[in-house]
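Read the figures in this text as sums done on the coordinates, not as results from a lab. Remember, it's a predicted structure, so these values are computed and weren't measured experimentally. When we count neighbours, we look across all protein chains shown, and the Cβ atoms used for this are built from the backbone with ideal geometry, even at glycine.
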Amino acid sequence: MLVFFGKKTEIKHSIIPAPLHISLKENCFHLKKLTLFCEDSLVGSNISLILPYISQKTGLSFEVVNDVSYAQILLLPTDSVTHESYTIDIHAHIDIIAGSAAGFQYALYTLSGLIQRTPSGYAVPCGHIHDNPTYAWRGLHIDVARHFFDISVLFSLVEDIAYYKLNTLHLHLTDDQGWRFESLLYPKLHTVGAYRDETVVGKNFLPFSSFYIGDKKKYGSYYTQADLRRLDQFARDRGVQIVPEIDIPGHATAALVAYPEYSAGAAPDKVATYWGVFDNLFSPNQQSVLFLKNIVRELGTVFSSPYIHIGGDEVPTQKYKDDNESQRLLSEGKIKQIDEIPNYILEEVAKDMSTYGKKAVLWDEAQDVSLNQGGVSMIWRDMTHAKDVLEKGGTVILTLASHMYFDYYQKIDPKEPLAIGGFLPIEQVYSFKAPFHEKGTVLGIQANLWTEYISTPEHMKYMLFPRLLALSEVAWGTNDSLVDFMTRTKTHNII
Ligand code: ACM
């Protein structure tokens, strides 16, 4: 039974990200729990998956019912709205119109930001919301190579990011310090490459100090394909794509310890135990490129996203200068200078990916590969690289160190846990406005969490929240008022 109150109510909400259009009335209705009915039973069962999460967040129970006459919320599927958009009408009952399970989920997350606790239960203001994301890719990257996080942590992260209407979890699965993907084709990648002898303590390594201190504790683990498939499905059910990354041809120490035959020049003999940029690189020879194509293909069989990230960042090319195969490619005219070797390798892999329907995402150093292969350039260094790609008609995802590197310090306070450096307060995240460019496409916005100095789920959450709330509003395209946003973060989920 809904009871309307005609008296004046302060109309406020704590929805994050703020909806595109919202108008709330002074009257509201009061309720004890929310019952939903959906005409489409498939959508209804998908929605049921997220209700426990919303209930846990809000303290309010939601239930899907089979009889429309018992329902307070009607979910009305339509073909005539875009994928993630929705409208909510709150009057004598709540009508939600959306075109996909993701749209309905977003509507319910929004609704949970409208609910307020009253002495006798809960209240929802009447009104109308029409909402639609500005950017198609709204992402969070997490580096699981420097530190490994149990698969259960990733499941929980998917639920949390979906609640803020982010739709992409980018898993940085490989780096110098560890390989985290179980490979049935090349099992030494995980049986050997997933483990390092120890981890540097603090910042006691070159070039920051003249000495090295390790913790003498063997460290490592990897995700099984079965676990990653379960994660992929769980994420899909919540409108989130998992985009895996295998970082090549640099950041490859762990892989090259496992398979030294694919190294350009001498292979490393130890998975890295400290941080930085290493010069252990994949060779551009045919066997090595085939190995890379095969492992990326294998990755593509586990994850359903049309995108695979193949890295391309921070490749010092000195080893290629001394490498016979690289010199041969130069003399045959396949490349014009040795510095093109990383892109030569990446282009071979990206071309192969397009034969089985996957699109390559690459860090901005490899922007030419993205442009040539119809891929996506992930911009991290600065906006000049974004402008360059956009000017050439390419597609970018913006994950700029200046606004979206959540491994940076968020406060200037000696009590802050050790971080990589930098300074990125929440206000700076919130201030970001992407450029519009008529030639190219800004596909999306993403925060990156590199984990050299983050080894526990608690610390991970501390670095993500509340900055991820600001990122979600930037990615939704409604980051128009810092004051209003900061107020909402204070009342958010405290109903
Ligand atoms: C990066 O931060 N190396 C992409």
**OP:** Taking the chain as the reference, fit the longest principal axis to its C-alpha atoms, fit the long axis of helix 101-112 to the helix C-alpha atoms, and give the angle between the two in degrees, 0 to 90, nearest 10.
**Re:** 60
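With the Cα gyration tensor of segment 279-406 in hand, give its eigenvalues times 5 under a square root as the equivalent ellipsoid semi-axes, listed largest first in whole angstrom.
Working: eigenvalues 113, 73, 36 Å².
Sorted largest first and rounded, they come to 24, 19, 13 Å.
Where both partners of a DSSP beta bridge lie in the chain, what percent of those bridges are antiparallel, to the nearest 5?
40
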**OP:** Order the peptides 104-114, 61-71, 143-153 from the highest to the lowest mean number of other Cβ atoms within 10 Å of their residues.
**Re:** 104-114, 143-153, 61-71
Original post:
In terms of modelled amide H atoms, which long-range or inter-chain residues lie less than 5 Å from the amide H of Phe278?
Top reply: His251
Original post:
Helix 151-163: angle to the longest alpha-carbon principal axis of the chain, degrees 0 to 90, nearest 10?
Top reply: 50
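If we count other beta carbons within 10 Å of each Cβ, what is the order of Val389, Val396, fewest first?
By the 10 Å Cβ count, ascending: Val389, Val396.
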Subject >> When each of Lys334/Lys359; Lys216/Lys359; Lys188/Lys336; Lys359/Lys439; Lys359/Lys411 is checked by Cα-Cα distance, pairs over 30 Å >> reply: Lys216/Lys359; Lys188/Lys336; Lys359/Lys411
Original post:
To the nearest 0.05, how large is the calculated FRET efficiency for His437 and Lys334 if R₀ is 30 Å and r is the Cβ-Cβ distance?
Top reply: 0.40
Subject >> Convex hull volume per residue for segment 17-77, taking Cα atoms only, in Å³ >> reply: 129
Original post:
Net charge near Gly421, counting Lys/Arg +1 and Asp/Glu -1 over other residues with Cβ under 11 Å of its Cβ?
Top reply: -1
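Test of understanding: what is the full-extension gain from Val192 to Ile213, defined as 0.36 nm times their sequence separation minus their Cα-Cα distance? Could you put the intermediate results ahead of the total?
Working: separation 21, 0.36 × 21 = 7.56 nm, distance 2.29 nm.
Contour length minus Cα-Cα distance gives 5.3 nm.
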Original post:
Points 7 angstrom from Cα along the Cβ direction at Thr78 and Asp269: gap in nanometres?
Top reply: 6.9
**OP:** Select from segment 415-495 those trypsin sites (Lys or Arg not before Pro) which occupy a DSSP coil region and have at most 16 other Cβ atoms within 10 Å, ordered by residue number.
**Re:** Lys415, Lys433, Lys439
Subject >> Cα pair count fraction exceeding 15 Å, expressed as % - segment 265-306 >> reply: 60
**OP:** Counting residues in the chain as N, plug N into 2.2 N^0.38 Å and put the Cα Rg over that result.
**Re:** 1.05
Original post:
Counting alpha carbon pairs within less than 8 Å and at least 6 residues apart, what relative contact order, in whole percent, applies to segment 142-195?
Top reply: 38
**OP:** Report, to the nearest 10°, how far helix 482-491 tilts away from the longest principal axis of the Cα atoms in the chain, using its own Cα long axis and a range of 0 to 90°.
**Re:** 70
Subject >> Inter-label distance for Gln327 and Asp484, nm, one decimal - labels placed 7 Å from Cα along Cα-to-Cβ >> reply: 6.5
Subject >> Net charge of neighbours whose Cβ lies under 12 Å from the Cβ of Ala107, counting Lys and Arg as +1 and Asp and Glu as -1 >> reply: -3
Original post:
Hey, what do the phi angles of segment 338-343 turn into as Karplus ³J(HN,Hα) couplings, whole Hz, using 6.51/-1.76/1.60 and θ = phi - 60°, x for Gly and Pro?
Top reply: 4, 4, 7, 4, x, 5
Original post:
What residues qualify as long-range amide H neighbours of His170, i.e. H under 5 Å apart, gap of 5 or more or another chain, H built at 1.01 Å from N?
Top reply: Leu140, His141, Ile142, Val243
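Can you compute the FRET efficiency between Lys411 and Asn294 using 1/(1 + (r/R0)^6), with r the Cβ-Cβ distance and R0 = 51 Å? Round to the nearest 0.05.
Here the calculated transfer efficiency is 0.65.
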Subject >> Student exercise, the chain dipole from Lys, Arg, Asp, Glu Cβ charges, in Debye to nearest 20 >> reply: 1060
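Can you tell me what percent of all Cα-Cα pairs in segment 123-270 are more than 28 Å apart? Please list the in-between numbers first.
Details: 3667 of 10878 pairs.
In whole percent, the long-distance tail amounts to 34.
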**OP:** Within segment 308-370, list the GluC sites (Glu not before Pro) lying in a DSSP loop whose Cβ has at most 13 other Cβ atoms in a 10 Å radius.
**Re:** Glu332
Original post:
Could you give me the ³J(HN,Hα) list for segment 413-427, computed from phi with Karplus coefficients 6.51, -1.76, 1.60 and θ = phi - 60°, whole Hz, x at Gly and Pro?
Top reply: 7, x, 7, 4, x, 3, 10, 5, x, x, 8, 9, x, 4, 4
Original post:
When the chain is fully extended, how far beyond the present Cα-Cα distance does Ser455 get from Ser120, taking 0.36 nm per residue of separation?
Top reply: 116.3 nm
Subject >> Candidates per chymotrypsin sites (Phe, Trp or Tyr not before Pro) in segment 428-463, loop by DSSP, up to 16 other Cβ within 10 Å >> reply: Phe436
Subject >> Whole-Hz couplings from phi, Karplus 6.51/-1.76/1.60, listed for segment 306-321; x for Gly and Pro >> reply: x, 10, 10, 8, 10, x, x, 8, 6, 10, x, 9, 3, 4, 5, 5
Original post:
When the convex hull of the C-alpha atoms of segment 345-495 is computed, what volume per residue in Å³ does it have?
Top reply: 151
